[in-house]
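**Student:** Mind having a look at this structure? Questions to follow.
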Amino acid sequence: MVLDSPGTPLRAAELPAPEPGPGQVLVAVDACGVCRTDLHVVDGELPDSKLPLVPGHQVVGRVLEPGARLAAGDRVGIPWLGWTCGECRYCLSGRENLCDRARFTGYQLDGGYAELVKADERFCFPVPEKYDDLEAAPLLCAGLIGYRSLRLAGDPERLGLYGFGASAHIVAQVARHEGRRVFAFTRAGDAETQAFARSLGVEWAGDASQSPPEELDAAIIFAPVGELVPAALAAVAKGGSVVCAGIHMSDIPSFPYEFLWGERVVRSVANLTRRDGEELLALAPRVPIRTEVEAFPLEQANEALGRLRSGGVLGAAVLAVRA
Ligand SMILES: [Zn+2]
Ligand SMILES: [Zn+2]
């Protein structure tokens with residue numbers, strides 16, 4: 001499924017098979033998760049994507065053409081971080097997620113909305129056996145970004161999650177596993193998602209316009225809505241952090257300095273490191289994280305994106321690619 005230009009639907013196309021270069025493997029895609037970032041790329045909210053582009057950066061598949069590290073038949077996950085330079089000040093200080101020259105799957109590199117994809121084998125992850133292909137796909141971005149966001153939120157006893165989609169439903173389970181109390185904020189009146197959140201151990205779920213029943217120690221904002229930043233700041237206690245997990249967000253409205261006073265922190269989370277991936281994929285079966293998945297056939301990628309745009313997916317949308 002190909003994006004020819006932002007703002008237009010993806011087009012089903014027959015493309016030549018990708019030809020892996022040195023250090024790359026060719027992977028037969030079994031499943032590919034649908035991420036809000038894909039929506040931002042397709043809608044043109046993220047500039048300068050490769051065009052034409054095959055989107056998709058939560059790929060689960062099997063190696064067809066091996067490399068030096070991965071053998072034919074190995075089951076791998078291909079994440080958003082597709083390549084880093086290895087020599088800039090960020091790469092050299094354990095922050096490859098901030099690499100100046102990083103290249104991202106399904107953005108600058110063709111991704112997994114396809115039957116075949118090539119990938120740098122150093123950036124592929126082994127996929128825990130516990131998960132089938134559809135269940136594993138959302139771990140690769142929703143899970144990883146959520147996990148990194150949770151780590152950057154500090155050590156909160158009371159954690160707020162604004163937007164309860166693919167990422168939040170995974171983070172909530174990790175946070176509960178760590179003994180944290182979780183509060184979920186959804187679109188107004190979304191009783192189904194609020195009930196879903198409670199079923200995962202969230203102790204309070206309500207509309208994003210509501211105040212939680214008590215102060216929070218940290219909040220993670222997954223919804224791409226700038227108005228949530230002052231709302232979340234108003235909900236966190238002194239010393240608390242508000243972490244913006246998305247790659248794109250509408251403008252943040254101005255707010256009184258008093259909201260930030262008291263050593264409150266606002267920060268963003270950008271991309272992932274390979275270490276984040278290794279940590280989450282080792283942790284996932286131990287929690288155990290259970291992913292709620294709605295599957296779509298590959299050729300219905302536009303429908304899957306549309307459902308995500310309208311907030312109609314419970315958990316994560318995943319393209320089932322292998323017939
Ligand atoms: Zn670098
Ligand atoms: Zn993503």
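**Student:** Before we move on, is Asp100 under 20 Å from Phe222 (Cα atoms) and part of a loop (DSSP other than H, G, I, E, B)?
**Tutor:** So Asp100 fails the test.
**Student:** Out of the residues in region 95-128 meeting the condition of being without any contact (Cβ under 8 Å) to a residue 24 or more places away in the chain and in contact with a strand residue (DSSP E or B) (Cβ under 9 Å, 6 or more places away or on another chain), tell me which one is nearest to ligand 2 (Cβ to nearest atom). Walk me through it before giving the result.
**Tutor:** Filtering region 95-128 for residues without any contact (Cβ under 8 Å) to a residue 24 or more places away in the chain gives 99-101, 103.
From what's left, in contact with a strand residue (DSSP E or B) (Cβ under 9 Å, 6 or more places away or on another chain): 99, 101, 103.
Numbers: Cys99: 17, Arg101: 20, Arg103: 15 Å.
Ranking the candidates gives Arg103 first.
**Student:** Might you check whether a residue that is outside any loop (DSSP other than H, G, I, E, B) and either of a type in the set (Val, Ile, Thr) or in contact with a Phe, Trp or Tyr (Cβ under 6 Å, 6 or more places away or on another chain) (or both) occurs anywhere in region 7-20?
**Tutor:** No, region 7-20 contains no residue that is outside any loop (DSSP other than H, G, I, E, B) and either of a type in the set (Val, Ile, Thr) or in contact with a Phe, Trp or Tyr (Cβ under 6 Å, 6 or more places away or on another chain) (or both).
**Student:** Let me ask you something else. Filter region 109-129 for residues that are under 15 Å from Asp74 (Cβ atoms) and part of a loop (DSSP other than H, G, I, E, B) and give the result. Working first, answer last.
**Tutor:** Narrowing region 109-129 to residues under 15 Å from Asp74 (Cβ atoms): 117-129.
Cys124, Val127, Pro128, Glu129, listed by residue number.
**Student:** Give me a count of the residues in region 187-203 that are of a type in the set (S, T, N, Q) and over 24 Å from Leu280 (Cβ atoms).
**Tutor:** Filtering region 187-203 down to residues of a type in the set (S, T, N, Q) leaves 193-194, 199.
Imposing the further condition that a residue be over 24 Å from Leu280 (Cβ atoms) reduces the set to 194.
Count: 1.
**Student:** Could you check how many residues of region 45-57 are modelled with pLDDT of 95 or more and more than 14 Å from ligand 2 (Cβ to nearest atom)?
**Tutor:** Matching residues across region 45-57 total 5.
**Student:** May I pose another question? If you check Gly82 against the conditions, is it farther than 24 Å from Pro128 by Cα and modelled with pLDDT of 95 or more?
**Tutor:** When the stated conditions are applied, Gly82 does not pass them.
**Student:** Go through (1) crowded, with 19+ Cβ neighbours inside 10 Å; (2) hydrophobic (A, V, I, L, M, F, W, C); (3) away from ligand 2 (no atom under 16 Å from the Cβ) and name the single condition Ala72 misses.
**Tutor:** It is condition (1) that Ala72 fails.
**Student:** Taking the options Pro18, Pro66, Pro52, name whichever one is outside the structural domain of Phe123 (by TED's automatic domain parsing), more than 16 Å from ligand 1 (Cβ to nearest atom), in contact (Cβ under 8 Å) with a residue 24 or more places away in the chain and surrounded by fewer than 24 Cβ atoms within 10 Å (Cβ to Cβ).
**Tutor:** So the residue among Pro18, Pro66, Pro52 that is outside the structural domain of Phe123 (by TED's automatic domain parsing), more than 16 Å from ligand 1 (Cβ to nearest atom), in contact (Cβ under 8 Å) with a residue 24 or more places away in the chain and surrounded by fewer than 24 Cβ atoms within 10 Å (Cβ to Cβ) is Pro18.
**Student:** Right, something else. If I go through region 130-154 residue by residue, how many of them are in a loop (DSSP other than H, G, I, E, B) and out of contact with any strand residue (DSSP E or B) (no Cβ under 8 Å at 6 or more places or on another chain)?
**Tutor:** Counting residues in region 130-154 that are in a loop (DSSP other than H, G, I, E, B) and out of contact with any strand residue (DSSP E or B) (no Cβ under 8 Å at 6 or more places or on another chain) gives 3.
**Student:** Follow-up question, since we're still on this one. For region 69-87, give me each residue that is away from ligand 1 (no atom under 16 Å from the Cβ) and either closer than 16 Å to Leu319 by Cβ or not hydrophobic (A, V, I, L, M, F, W, C) (or both).
**Tutor:** Scanning region 69-87 gives Arg69, Gly73, Asp74, Arg75, Gly77, Ile78, Pro79.
**Student:** What are the pairs, 6+ residues apart or on separate chains, where a residue within region 230-250 that is within 23 Å of Thr37 (Cα to Cα) has its Cβ under 7 Å from a residue that is of a type in the set (Ser, Thr, Tyr)?
**Tutor:** As it stands, the answer is Ala232/Tyr162; Val243/Ser149; Cys244/Ser268; Ala245/Ser149; Ala245/Ser167; Ile247/Thr37, since those pairs meet every condition given.
**Student:** Now, a different point. Looking only at region 254-261, decide whether some residue is in contact with a Gly (Cβ under 8 Å, 6 or more places away or on another chain), touching a residue at least 24 places away in the same chain (Cβ under 8 Å) and either outside the structural domain of Leu152 (by TED's automatic domain parsing) or surrounded by 13 or more Cβ atoms within 10 Å (Cβ to Cβ) (or both).
**Tutor:** no
**Student:** Kindly indicate which of Val60, Val42, Val29 is farther than 24 Å from Ala270 by Cβ, crowded, with 22+ Cβ neighbours inside 10 Å, touching a helix residue (DSSP H, G or I) at 6+ places or on another chain (Cβ under 9 Å) and modelled with pLDDT of 95 or more.
**Tutor:** After ruling out the rest, the residue left standing is Val29.
**Student:** Hey, among the residues in region 88-97 that are assigned to a helix (DSSP H, G or I) and more than 27 Å from Ile289 (Cα to Cα), which one's nearest to ligand 1 (Cβ to nearest atom)?
**Tutor:** Of everything passing the filter in region 88-97, Cys91 is nearest to ligand 1 (Cβ to nearest atom).
**Student:** If only one of Ala208, Ala166 is in contact with a Leu (Cβ under 9 Å, 6 or more places away or on another chain), surrounded by 23 or more Cβ atoms within 10 Å (Cβ to Cβ) and of a type in the set (A, V, I, L, M), which one is it?
**Tutor:** Working: Ala208 fails: surrounded by 23 or more Cβ atoms within 10 Å (Cβ to Cβ).
None of the other options fit; the residue is Ala166.
**Student:** Also, I was wondering about something else. Does Glu178 meet the test of being of a type in the set (D, E, K, R), touching a residue at least 40 places away in the same chain (Cβ under 8 Å) and either surrounded by fewer than 22 Cβ atoms within 10 Å (Cβ to Cβ) or in contact with a Pro (Cβ under 6 Å, 6 or more places away or on another chain) (or both)? Break it down into steps so the answer makes sense when it comes.
**Tutor:** On the way: of a type in the set (D, E, K, R): yes; touching a residue at least 40 places away in the same chain (Cβ under 8 Å): no; either surrounded by fewer than 22 Cβ atoms within 10 Å (Cβ to Cβ) or in contact with a Pro (Cβ under 6 Å, 6 or more places away or on another chain) (or both): yes.
Here the answer is no, as Glu178 does not meet what is asked.
The values are calculated or read from the model by the stated rules, or taken from the named source; none is laboratory data. Computed from a predicted model, the values in this text were never measured in an experiment. So basically every Cβ, Gly included, is an ideal-geometry build from the backbone, and we count neighbours across all protein chains shown.
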